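The values are calculated or read from the model by the stated rules, or taken from the named source; none is laboratory data. As the structure is a prediction and not an experimental result, all values here were calculated from the model. All Cβ positions, even for glycine, are placed from backbone atoms using ideal geometry, and neighbour counts span all protein chains on display.
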Amino acid sequence: MEIKLGKYRHFRSGKEYEVIGVAKHSETLEELVVYKALYGEEQLWVRPLKMFKETVIVDNIQKQRFEFIG
């Protein structure tokens, strides 16, 4: 599974993040998205790639959890 590098917006908070790469868990080899908050202290985060790319239902509308914005 692949992911575009760049800016994304979270479906609920509306906050923006920058995906900087994909890492692998050292024990399970699960792919993890490494991304940086583009607000506040600009912390680094990781989330399983499958979860990052999944869709969610909001008000009966299917949306991406993180929407690519460039």
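Below are the figures for this structure:
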quantity	calculated
Pair list, Cβ < 9 Å and 6+ apart or interchain, from the range 12-37 residues that are over 24 Å from GLN62 (Cβ atoms) and modelled with pLDDT of 95 or more to residues that are surrounded by 14 or more Cβ atoms within 10 Å (Cβ to Cβ) and of a type in the set (Gly, Ala, Ser)	GLU18/ALA37
Boolean, MET51 is modelled with pLDDT of 95 or more, outside any strand (DSSP E or B) and not basic (Lys, Arg)	yes
Count of residues meeting criterion [assigned to a strand (DSSP E or B), within 11 Å of HIS10 (Cα to Cα) and of a type outside the set (Asp, Glu)] in the range 57-68	4
Complete set of residues in the range 16-48 that are hydrophobic (A, V, I, L, M, F, W, C), assigned to a loop (DSSP other than H, G, I, E, B) and surrounded by 11 or more Cβ atoms within 10 Å (Cβ to Cβ)	LEU38
Long-range neighbours under 6 Å by Cβ, at least six apart or interchain, first residue in contact (Cβ under 8 Å) with a residue 12 or more places away in the chain within the range 43-63, second of a type in the set (Ser, Thr, Tyr)	TRP45/TYR35
